[in-house]
1. Given the conditions (1) within 14 Å of chain B (Cβ to nearest Cβ); (2) over 11 Å from the mean Cα position of the chain (by Cα), report the number of the one that A:ILE90 does not fulfil.
2. Of everything in region B:126-175 that's polar (S, T, N, Q) and part of a helix (DSSP H, G or I), which residue is farthest from the other protein chains (Cβ to nearest Cβ)?
3. In region A:75-98, how many are crowded, with 18+ Cβ neighbours inside 10 Å, without any contact (Cβ under 8 Å) to a residue 40 or more places away in the chain and out of contact with any Lys or Arg (no Cβ under 9 Å at 6 or more places or on another chain)?
4. Are there helices (runs of 4 or more DSSP H) fully within region A:1-83 with at least 2 residues that are polar (S, T, N, Q) and at pLDDT 95 or above? List them.
5. Looking at region B:46-58, which of its residues are of a type in the set (D, E, K, R) and part of a loop (DSSP other than H, G, I, E, B)?
6. Does A:ALA119 meet the test of being touching a residue at least 12 places away in the same chain (Cβ under 8 Å) and over 11 Å from the mean Cα position of the chain (by Cα)?
7. For region B:38-95, which positions are in contact with a Lys or Arg (Cβ under 9 Å, 6 or more places away or on another chain) and β-branched (Val, Ile, Thr)?
8. Which of the residues spanning region A:26-56 are surrounded by fewer than 20 Cβ atoms within 10 Å (Cβ to Cβ) and in contact with a Gly (Cβ under 6 Å, 6 or more places away or on another chain)?
Amino acid sequence: MEYVGVVIISHSSKLAEGLLELIRQVIKDVPVATAGGTEDGEIGTSMEKIHEAISSVMSEKGVIALYDLGSARMNAEMAVEFNQLENVTIANGIPLVEGSYVAAVESSIGKSREEIEEAIQKVKQMEI
Amino acid sequence: MELTVDMAINWMEIARDKYKENKETLTMLDQAIGDGDHGINMARGYQAVVEKIAETEYDHPADVLKSVAMTLMAKVGGASGPLYGTAFMNMSMVMKGKTVDQKVLKEAIDHAITGMKQRGKSEIGEKTLLDVWDQVSSYLDSEDLSEPKEIIEVCQAVVEDTKQIQATKGRASYLNERSIGHEDPGSMSSFYLFEALAEVLEKEATV
C-alpha cells in the first residue's frame, strides 16, 4: 500500500530521533523521516535537511510535515517553495509529538493527506 | 547616491565586523528573552557571507545580495536565517537590472519588509526587526541622504522603543509581559546592519 509520508522537523536532532523511536514502536510501515538540528548538528533547523527528509518519504499520496517551533515553520515553507515541491502539507501550529503520532497512525490505515490534516487538528496547540 | 557592487561587498564586510564585535551584546539580549543563539548565529552567518562573496565575481549589487540571501538561508539555523535570507532575496529582486539610487534602495527595503512580514506572519510594532526596517524605509522616503549617519540615530531610537513592547512573535512571546523592558535582539542586529550601511554611504559621500 502507498502511504502518506511523515516528516518530523525539530530544532533538536535528539528530539526528532526520539519521536521517531516512539512512533516506530507501533507503526512499522509508514515512511517517516526526521530533519532535526542544523547542518552542523546544533540546535536549529536546516532548509536543506528538511528538503532531503521530504524527498526521502515522498509518495504519490504526498507528505505531511510537522515542526516544533516557529522558525522551523519558516525553513519548512522555504524548503517547499524553493524546491517547488508538490503534495506537501505543512501542519500549521500542531504540537509535534501528538501530531506526528496521530499522522503516522492515520497514514498507516491508508488515509489521504487531507484526511490526516483534519485528524491532527484535534491536537491543535496555542498560537505562537 | 548609487549602491555599487564594491559598496554592497563592503557593507557585508563591515556588518561581519560589527556582528563579531557585538556578538556578546546580541547573545546577552537574546538570553534575556530568547534562546541565546542570536550573537553566534549572526557572527557565523556573516562570516560565511563574506567568504562566499570574496570568491565570486559580481556584475551588479543585486547579485551580491542574492548570494548573501542564499548563504544566510543555508547557514543560519534560527529564525534569523529565513528572515534575513528573505529580506536580502527580496531586495535583490527589486534591484535587479536597476541603478540602485535612493529610491530603488527604499523600494528594495519595502519589498524586504513585505517578505519578512509574510514569512514571519508579523506586522510592524510587534517587537521584531521589522520595526527597524520600517524606520529605515521612512527615513529614505523623507530625507535626502546627505547625512547618512542620521540613519544610525533613528534606528537607535527604534531599538530603544522595542523595550516597551510586549513580544507576541518568536521565542520571546512565551515570556508574555516579562518580555517588556528588554530590547528586541532582532531589532538590535538590524541596527548593526544599517549602521554598516550608513558607514558605507558616508564613506562614499565624502569621497
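The values are calculated or read from the model by the stated rules, or taken from the named source; none is laboratory data. Owing to the predicted nature of the structure, the values given are computational and were not obtained by experimental measurement. Glycine gets a Cβ as well: all are built from the backbone with ideal geometry, and neighbour counts include every protein chain shown.
1. (2) is the only condition that A:ILE90 fails.
2. Filtering region B:126-175 for residues that are polar (S, T, N, Q) and part of a helix (DSSP H, G or I), the one farthest from the other protein chains (Cβ to nearest Cβ) comes out as B:SER142.
3. Here the count works out to 2.
4. A:47-56
5. B:GLU55, B:GLU57
6. Details: touching a residue at least 12 places away in the same chain (Cβ under 8 Å): yes; over 11 Å from the mean Cα position of the chain (by Cα): yes.
Against the criterion (touching a residue at least 12 places away in the same chain (Cβ under 8 Å) and over 11 Å from the mean Cα position of the chain (by Cα)), A:ALA119 qualifies.
7. B:ILE40, B:VAL49, B:VAL50, B:VAL68, B:THR71, B:VAL76, B:THR86
8. Within region A:26-56, just A:PRO31 meets the criteria.
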